[in-house]
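Worksheet for the structure shown next.
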Amino acid sequence: MVKRIKELVNKCKNIIKKKMKNFILLLTFTLFLSSCHKDEIPTCGCDSPTVGTVTNEIGVLKKNSGNFKNSDFDTEYYIEYVVGNYSSYFGICNSDKLNGIAIPENTEVSVIYSGDIKEMCNGPVTIAVVSHDLIKLTQIQKQ
């Protein structure tokens, strides 16, 4: 009888060891999965999703300084696009795409541009005749 009890105790110990191993593996796997998270996609700014596209538009490229300082943008350059009474201003996210277009301070350069429009995070309130957005240029050239 004592021998039988010892066998049952050993059997229970083995079952508990297996269950503990399974529990530890499951706990480790759960912790690993919970630590993996996808990078959050920003809802605004240059790395946010595209909200519109412009193709071969004509605008005026300005350096964001001097007489053309636009405090609505923290970008180095921006494009002003005017049609009738409507004005759009696009802060340029990727000024490396300017391809060597020289823009001296207080000078504007007429350009043809295309790009993906991005929403500003802390832009001014847009009114019916003026908008402020960001643009990730896909191409730009002097007109």
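The values are calculated or read from the model by the stated rules, or taken from the named source; none is laboratory data. This one's a predicted model, so the numbers in the text were calculated from it and none came from an experiment. Every residue, glycine among them, receives a Cβ derived from its backbone with ideal geometry; neighbour counts consider all protein chains shown.
Figures for the structure shown
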read-out	value
Matching residues, region 40-71, being more than 16 Å from TYR113 (Cα to Cα), in contact with a Ser or Thr (Cβ under 9 Å, 6 or more places away or on another chain) and among the β-branched types (Val, Ile, Thr)	ILE41
Some residue of region 105-117 being free of Cβ contacts under 8 Å to residues at least 12 places away in the same chain and more than 25 Å from the chain's Cα centre (by Cα)	no
Restricting region 41-92 to residues that are acidic (Asp, Glu) and assigned by TED's automatic domain parsing to the domain that holds LEU134, the residue that is farthest from GLN141 (Cα to Cα)	ASP72
Residue within region 87-99 that is surrounded by 15 or more Cβ atoms within 10 Å (Cβ to Cβ), in a strand (DSSP E or B), touching a residue at least 60 places away in the same chain (Cβ under 8 Å) and of a type in the set (S, T, N, Q) present	no
Residue identified as over 15 Å from GLY52 (Cβ atoms), surrounded by 13 or more Cβ atoms within 10 Å (Cβ to Cβ) and at pLDDT 90 or above among TYR78, TYR113	TYR78
Residues satisfying the stated conditions in region 70-86, i.e. part of a strand (DSSP E or B) and in contact with a Lys or Arg (Cβ under 8 Å, 6 or more places away or on another chain)	TYR77, TYR78, ILE79, GLU80
